[in-house]
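The values are calculated or read from the model by the stated rules, or taken from the named source; none is laboratory data. Fair warning: this is a prediction, and the values are worked out from it, not measured in the lab. A quick note on method: Cβ atoms are made from the backbone with ideal geometry, for glycine too, and the neighbour counts reach across all protein chains shown. For the accessible areas, the whole protein counts, side chains as well, though only heavy atoms, and no ligand, DNA or RNA atoms are used. Shrake-Rupley method; radii C 1.70, N 1.55, O 1.52, S 1.80 Å.
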Amino acid sequence: MGSSDSGRAALDGIRVAEFGTGPALAYCGKLFADFGADVVKVEPPGGDPDRGMAPLVDVGRGAHESAVFAWLNTNKHSVIVPSGDTARLVEIAGAVDVLIDARPGAWDDAGPAGQGALRAAFPQLTIVSISWFGESGPYKDYAATDSVVRALAGLVRGVGPAEAPVMLSEHQSFAPAALSGFSAALAALIAGGPGRRFEISLHEANVLIGEFQDAVTTQTGFEERRWGRNHFFPVFPTGVYPTKQGWLGVTAFTADQWRGFCHLLGMPELVSRPGFATATERLLVGDELDAIITERLAARTARQWADEAIARRVPLVVTPDMATLLATPVHRDHGAFGEVRIGAARFEAPVLPQRLTATPPTAVGVAPLAGQHSETWRPSPPPPRGAGAGGGLPLEGLRIIDLTMGWAGPLGTRQVADLGAEVIKVEGRGYPDWWRGADYSDEAIAGFGHEKPLYFNWVNRNKTGVTLDLTQPDGVDLLLRLVRTADAVVENYGQGVLTGFGLDEAKFRAERPDIVMMSMPAFGVASPWAEVRAYGSTLEQASGLPMLTGWPDDAPTMNHIAYGDPIGGLSACPALLTALLHRQRTGEGQYIDLAQVECLFPLAAPWLIEQALTGKVAPRTGNRHSTYVPHGCFACDGHDAWVVIAVTDDAAWRALCRTIERPDLGADPVLAKAAGRRAVEAELEAAIAVWTRGRSPDAAMEALQAAGVAAGAARGLAEILLYEPHLTTRGYWQEVARPHMDWFQQPSPVFREEGRPYPIRLAAPTLGQSSRAVLSRILGLSGAELDRLQATCVIGESPIPAHQRKPRSSAQLHDAAASGAG
């Protein structure tokens, strides 16, 4: 178990209980347990149903347990509580600081073990209430699965070939909810005072994953459709291509990257070829361009192409299968994989990616057998919590210096800002956050083009913004003086950019010895691949996830335009808050090396574990599921209209047959069990498709849900923002005015407290909007000093036009745009 110089794990002494089941609950608890908290998992007689998830391992004495369940539940205690023993549940809840509760309807339960009664009995208890769709709204009581939730979140319809969506059918929706729930609980612990109750909806947590595409589609009005396998509007190419040996992940959508990629291919003539100039133009001829790229890449291996691309600063990576991923020296040397034990079984699995250098998560996890600690785990009241003001936002009083660009880094700091921290976003006039746009001509600046991208505005809300020219000594000095007043610094610049300004952790620690600093590189700060240019798309390609999506003969299929960015950003907030809570309790600051590619490994965990256990991964199954039969994405009435349906058990099968008016199938004894249905799955899918083609996705979903069958309409991007009845009913969209914008809708934070979303307090800052106010308020600068800084361009509120920029600064900060955090 990782520990600091004082010998304490980061969350040592914190007591946590888990009520309920499901991967989101388990992973939230795993984050606590692997950082040293005392976590007790409450299971029913016979154990958590998820102990039956494949693959199974022999734990001794002829018993078999789920390896994935074991990984999700490392370092916890297991206590069996019989159904109806509310007194035991109350006793356990009264002995912990945090209750993670995924019991259906527990928020409405009026009994002594309901959340209302537990809060009244134990005012210091913080509750994280996790559910598929939240505690209100039309979907509140819907049956759900991983794929159903992602369909309704807009994450299914745009993925796969033009003919039909294809999706990873499991183990993708849990992480955004678990990471958000953990962050909320830590924020409450940092705040001290009375406990809080947070509501986490897996649906809303996964809507966050699609924010960039939602924003682009809404703002541009561009045709919304599935452009083809690995084709995502508005960028191209971002795909996975065959080579002489192995698969190569390619990202080359900026002008410089496209130019570099063409020269790398030995085809410089493509740069000036008509119709290939911009990423959007290339997308329109994507199939033609794919053929050209594929033919040329066949000349060399994926590893050869990727190695040469490092020097040319083009984002190319090998896309590995699970065997290659597990064996990759860069990941093994960084400690990405560790040993999981359960009973007599031993196997490798991903370690938590939140790499706190002084108090890292444990690399060896021991999972409990069902009820292993029922007799030995004895509840005792937790020690009194530190006094806190209570009320307000939990992170009020914390100050974070935000040196991030793009998506992943700003999303991580947005999570902290949404929870109430003061986040000061630092940009340069010579190279602002690249998500403001790429056109810095005089005309574009005059039209405030850099203030208009909706995705920039969403990911940078609730922050203040200053400009500092870090190529000038005054700019560096002001940044260091701000750090002296701060609790943490977060950066996701490219390799060498920060040190090029004469700044690093040692410089920041000299100003503030207990500072927490987090870097967000693609592959680790000291990795041999530290120079690899990387975006969120690159990270997904390097994680191996595309090798798991699709049918057996398909090319690897990416699941998202830039999956690594939102998952990396959501993973950053737990790392930062864990370090800040440890600092609050011990006075120790520390450095965090968050390798963003490793943040995706938990999403690949079932397949990585299968590879580690069996030496292989089962063939891909398209939209089918390893347990639920039938399971798929079915065409409905209308253009590109689809519904995801998951038959989760035999009772759901009978309900499905009644709903689609096929009593003959429901009465067939051969089909009564999943094994019988599996043998004729294609025929059953055809029968379901006949029924769905006569209905809209919503009509099909509602009919099936009324019968208790898990089903969800595959929402489009525009639907999420303009028409999604559940989100609208729950007040998910908040209107926030901002200069130079004509679209004011903002998505709510994932965490809700007392049933209400946290308010959006501040619109994203315009460039340098708060420079004078922040430097005056925090550093005490006079008006004359601020005038001098503005006159020398250290601060300011307008970008420097591209033709006036310093070449060295521009080149340095352009690399920041490809830092491994898009």
Which one of 90, 510, 642 has its Cα pushed farthest toward the positive end of the charge dipole of the chain, where Lys and Arg give +1 and Asp and Glu give -1 at the Cβ?
510
Percentage of interatomic Cα-Cα distances in region 265-412 larger than 27 Å
60 percent
Amide H neighbours of residue 518 at under 5 Å, excluding residues fewer than 5 places away on the same chain, with H built from the backbone geometry, are 489, 490, 491, 592
Using just the C-alpha positions of region 430-495 as equal point scatterers, what log10 of I(q)/I(0) does the Debye formula give at each q in 0.18 1/Å?
-0.90
Express the C-alpha Rg of region 117-253 as a ratio against the empirical globular expectation 2.2 N^0.38 Å, rounded to two decimals.
1.37
Could you state, as a whole-number percent, how many of the C-alpha pairs of region 183-227 are farther apart than 15 Å?
63 percent
Considering only DSSP states other than H, G, I, E and B, which chymotrypsin sites (Phe, Trp or Tyr not before Pro) in region 714-751 qualify as loop sites with at most 12 other Cβ atoms within 10 Å?
723
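When the gyration tensor of region 506-611 is built from Cα positions, what are the square roots of 5 times its three eigenvalues, in whole Å, from largest to smallest?
Each semi-axis is the square root of five times an eigenvalue, giving 33, 15, 11 Å.
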What accessible surface, in Å², does a 1.4 Å probe find on residue 553, ignoring ligands, DNA and RNA and rounding to the nearest 10?
150 Å²
If one computes the Cα centroid of region 546-596 and of region 508-534, what distance in Å separates the two points?
14 Å
Taking only the alpha-carbon positions of region 256-329 and ignoring solvent, what does the Debye formula give for the base-10 log of I(q)/I(0) at q = 0.18 Å⁻¹?
-0.78
Could you pull the Rg and Dmax for region 662-793, using just the Cα atoms, both in Å?
27.3, 86
Within 10 Å of each candidate Cβ there may be at most 11 other Cβ atoms; applying that plus a DSSP loop requirement, which GluC sites (Glu not before Pro) in region 648-757 survive?
661, 754
Shape box of region 565-635 [Cα atoms, principal axes, largest first, Å]:
54, 34, 20
Averaged per residue, the 1.4 Å probe accessible area of region 50-183, protein heavy atoms only, in Å², is roughly 31 Å²
Quick one: ranking 357, 538, 254 by accessible area, 1.4 Å probe, largest first, what do you get?
357, 254, 538
Sort 805, 225 from largest to smallest accessible area, using a 1.4 Å probe on the heavy atoms of the protein chains.
225, 805
Once a ≥ b ≥ c are taken as the square roots of the eigenvalues of the Cα gyration tensor of region 594-749, is the result rounded (a/c under 1.5), prolate (a/b larger than b/c) or oblate (a/b not larger than b/c)?
oblate
When the charge dipole of the chain is computed with +1 at the Cβ of Lys and Arg and -1 at the Cβ of Asp and Glu, the Cα pointing farthest to the positive end, of 721, 368, 746, is that of 368
So how much slack lies between residue 380 and residue 344, counting 0.36 nm per residue of separation and subtracting their Cα-Cα distance, in nm?
9.9 nm
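What part of the accessible area of the chain, given as a whole %, is carbon or sulfur when the probe is 1.4 angstrom?
Percent of accessible area from carbon and sulfur atoms in the chain: 54.
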Could you list log10 I(q)/I(0) for the chain at q = 0.05 Å⁻¹, which the Debye formula gives when each Cα is one point scatterer?
-0.25
Given a Förster distance of 51 angstrom, what is the FRET efficiency for residue 507 paired with residue 616, based on the Cβ-Cβ distance and rounded to 0.05?
0.55
Ratio Rg/Rh, restricted to region 39-151 and using Cα atoms, in which Rh is the Kirkwood radius:
1.00
Please give the length that would be gained between residue 164 and residue 661 if that part of the chain were fully extended, namely 0.36 nm times their separation in residues minus their C-alpha to C-alpha distance (nm, one decimal).
176.4 nm
Taking only DSSP H segments of four or more residues, each worth -39500 (n - 2.57), what value at 222 nm results for the chain once the sum is divided by all its residues, to the nearest 500 deg cm²/dmol?
-10000 deg cm²/dmol
Solvent-accessible area of residue 730, probe 1.4 Å, all protein chains present, reported in Å² to the nearest ten, please.
10 Å²
First measure r as the distance between the Cβ atoms of residue 514 and residue 649, then evaluate 1/(1 + (r/R0)^6) with R0 = 56 Å and state the FRET efficiency to the nearest 0.05.
0.60
Do any GluC sites (Glu not before Pro) in region 363-464 lie in a loop, going by DSSP, with at most 16 other beta-carbon atoms within 10 Å of their beta carbon, and if so which?
375, 396
With a Förster distance of 35 angstrom and the Cβ-Cβ distance between residue 64 and residue 141, calculated FRET efficiency to the nearest 0.05 equals 0.55
Using a 1.4 Å probe on heavy atoms of the protein chains only, the accessible area for residue 173 in Å², nearest 10, reads 0 Å²
Quick check for me: using +1 on Lys/Arg Cβ and -1 on Asp/Glu Cβ, what's the dipole size of the chain about its Cα centre, in debye to the nearest 20?
960 debye
Using label points projected 7 Å from each Cα along Cα→Cβ, tell me how many nm separate residue 735 and residue 756, to one decimal.
1.8 nm
Using a basic spin-label model with each label point 7 Å from the Cα along Cα→Cβ, how many nm lie between residue 311 and residue 779?
4.2 nm
